[in-house]
Structure formats: C-alpha cells, structure tokens
Amino acid sequence: MESILLFVVGIGVLVYSAEKLIGYLVGVASRWTISLFLVAVVFTGIEFDDLAFGVVLNMEDLSEVALGTVIGTTIAMTGIVLALAAIIAPCRVDVPKDYLVLFVAAPLLMLAFALTGFLTVSAAVVLVLLFVGFVGWIGYREYASRRPVFRNAEVYEQLEKVGAGAGGRPGGTATLDTPPSGGGSGRGGSRHFDLPPDLRVDQGFLRARAHSPGVALTLAVLALAGLVIGAVAAGEGTGGIIDTFDIDGTVFGVTVATLALTLEDIFLTVEPSRRGAPEIGIANVIGSVVFSVTGKLGIILLAGGAILVDADVLAWHLPVLIVMTAISAGFLATGHLRRWHGFVLLGLYVAYFVISLTVFGGVPVGD
C-alpha cells in the first residue's frame, strides 16, 4: 500500500510542477528576450523527471523497465501527446524544416546503436554529445533567424500597459476605464485594442511576466526540481509495486508507468496551445523525442551500465518509433496541426499497443 501511495504522490507532484512550469517559461523567454522555442526545448524537452526515473530504475537493476520507459514514452509523445494536442487544441505551427529532419534522424541513430545487440557506455557518450549538438544547433538557428521571443509577447505587453484582461476569450477587446482628462465631459474614458482571433489571454502568463528575470528563472528551476522529486518518488514506488504484486518489470514500465508519466507531457503540450503559446507544446514534443533517444538514454547507460537489446525491439518497437516520428514530422511540416492528424496518430498508437500486447507479449520490450 505504501508503494502505491508513493507512486501516486510522485505522479501528482509531476503534474503540478509541469503546470507551474508553463507560465514560468513564458516569463523567462519574455523578460530575457530568448526564443520561447529554445527555452521550451531546454526546460521541457530535457525531461528531468523521466531522466531521474530511468536512472533510478537502471541503477536498481531494473534495466528492462528503464529501456521500456525510454521507448514507451518516446512513442507515446507522438501517439498520445501530440495526438491529443491536435484533437483538443488544433493550431498553426511554424517548425523549421531542419528541426524536423533532426526530429526524424534521432530515432534512426538509436536504431544504429541498437543493431549491435547492446547499448553500451561508449554509445552513451556519443548519444549525449549528439543531444548537446542538437541543442546548440537549435540555439544558433533561433538566434540567427531572429525567431520571435514569444508569439503573443507584444499583446501581453499592451495588456500590461493598460492593466486590462479579456477573460480568457479569443478575439475579444481589452479595455480599461480611465479618469477623464481636464476639460472632459465628466464620463470616464477608455482605452482598448482588439485581440488576435487565435489568442486566448492567460492570466497566468500575465502574472509570470510580472516577475523579474531572476525570479522567473528561479521559479522555473523550482518547478523543475518538483519534476525531479516526483520522478524519484514514482521510481521508488515502482520498485515496491513490482516486488509486492510480482508484476513483470517491463510490462509495468511500459504500460502503467509510461502512461502515468505521459500525463505531464500532455499538460505541457495541450495546455500551452490552449493558452496561446503553442511553441511550448511543439518544442516539448520535438525536444522530448530527441532527448529520449539520445541524451536521456545516454545518461541512463552512463549511470547504470549497458543494456541488452531484445530482438523484439529491433524487429517491431524501434521500426514503429521511426514510422510514428516520420508521420508526425510530415503533419508538422504542413504548418497546421489538425484534428484528423491527431486521430490518425492516436489510432496508430492504439493499434501498436494492441499488437504489442497480443503478438509480442509486452510493450515495448520483453525480458
């Protein structure tokens, strides 16, 4: 019972911290004039919670669960997270083509190392360096192309100047009553401006922008700390649940644990789109996929040692990961994430999940 409670509390901390992190990221990007896409790749794409979870599992001789969460969460990023974002909050997207190329290439690199039969420490060093290079390239491209700090930053600046809000309604008119100037008619005047039709004004973003750059960064780091603490608690609970109920480690790692951890990414992808900052959600998906199969896998290997790659991974699970990523990249390349894109991705994920359980006996790897 204690293990179940620890796991549930850990997941709850993850979700709460993720929700807080969204607003703080906007504050950091807006006040420091840094590309929101880059900030989101670093703060949300580098999944500190999943990383801590995987490291703890591999160090506790649960390598099958660790590899299961790497592959399972990566496929879920497109099959569940991006799918639900498209279904719930379809939006326009603007992702440079070279980002999408790297997005698709990352799983191919993992496959190249997995074909040797073992994921080794030497491969881990290369994977970590590749992710560092990915972040460096994103930073260079964002700076060189002068991509916007935050798509709606100028609107929020106007809202702050007039002290107005729009009740969260898109396409509204922000107004502020002001006292009459000298010689006026005695009636209060007002200043207003029309909000963009696709903007949902978010009071949380307004509060986040009110913080100084240092405070916003500190709060973002605290939210990240909450993610890590929640992951460690969930990891400890996982070991207890497996021991208590004699559940196969891989099956638990890639079903219950993976789906529970995916809740955080759903919040970090769907909510920003609904709140007028789709850059966070798309960067979360792209950054998470690239990080999972390069940086995260590399650090897990460095911390806990080499992992044996099951034959089913090579024959089924990694090919599915590559195909799902390529299809997602194609949808993002259209410039508009649509509802039918989400239904296609979700349908493919359900089919993958069912086939994996019925044909391969687990999702995504076996002992």
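The values are calculated or read from the model by the stated rules, or taken from the named source; none is laboratory data. None of these values were measured; they are calculated from a predicted model. Here the Cβ positions follow ideal geometry from the backbone for every residue, glycine too, while neighbour counts run over all protein chains shown.
Among the numbered conditions (1) under 17 Å from Leu127 (Cα atoms); (2) free of Cβ contacts under 8 Å to residues at least 40 places away in the same chain, tell me where Ala311 comes up short.
Result: Ala311 fails condition (1) only.
For the range 87-97, what are the residues that are in a helix (DSSP H, G or I) and either under 19 Å from the mean Cα position of the chain (by Cα) or crowded, with 17+ Cβ neighbours inside 10 Å (or both)? Lay out the reasoning, then the answer.
At the first step, the residues of the range 87-97 found to be in a helix (DSSP H, G or I) are 87-88, 97.
Across the range 87-97, the qualifying residues are Ile87, Ile88.
Return the residues of the range 98-116 that are over 21 Å from the mean Cα position of the chain (by Cα) and loosely packed, with under 13 Cβ neighbours inside 10 Å; say none if nothing qualifies. Walk me through how you get there before you give the answer.
Filtering the range 98-116 for residues over 21 Å from the mean Cα position of the chain (by Cα) gives 111-116.
Correct list: Ala112, Leu115, Thr116.
If we keep just the residues of the range 327-362 that are aromatic (Phe, Trp, Tyr) and within 20 Å of the chain's Cα centre (by Cα), which is nearest to Phe103 (Cα to Cα)?
Step one: of the range 327-362, the residues aromatic (Phe, Trp, Tyr) are 331, 340, 343, 349, 352-353, 360.
The next check asks that each one be within 20 Å of the chain's Cα centre (by Cα); those that pass are 331, 343, 349.
Numbers: Phe331: 13, Phe343: 21, Tyr349: 18 Å.
Here the answer is Phe331.
Being assigned to a helix (DSSP H, G or I), closer than 27 Å to Ala123 by Cα and touching a residue at least 60 places away in the same chain (Cβ under 8 Å) is the requirement here; does Gly295 meet it?
Details: assigned to a helix (DSSP H, G or I): yes; closer than 27 Å to Ala123 by Cα: yes; touching a residue at least 60 places away in the same chain (Cβ under 8 Å): yes.
Here the answer is yes, as Gly295 does meet what is asked.
Only one of these conditions is not met by Phe37: (1) modelled with pLDDT under 75; (2) more than 18 Å from Leu129 (Cα to Cα); (3) within 19 Å of the chain's Cα centre (by Cα); (4) hydrophobic (A, V, I, L, M, F, W, C). Which number is it?
Result: Phe37 passes all but (1).
Please count how many residues of the range 314-361 are assigned to a helix (DSSP H, G or I), over 15 Å from Ile71 (Cα atoms) and polar (S, T, N, Q).
So the count comes out to 2.
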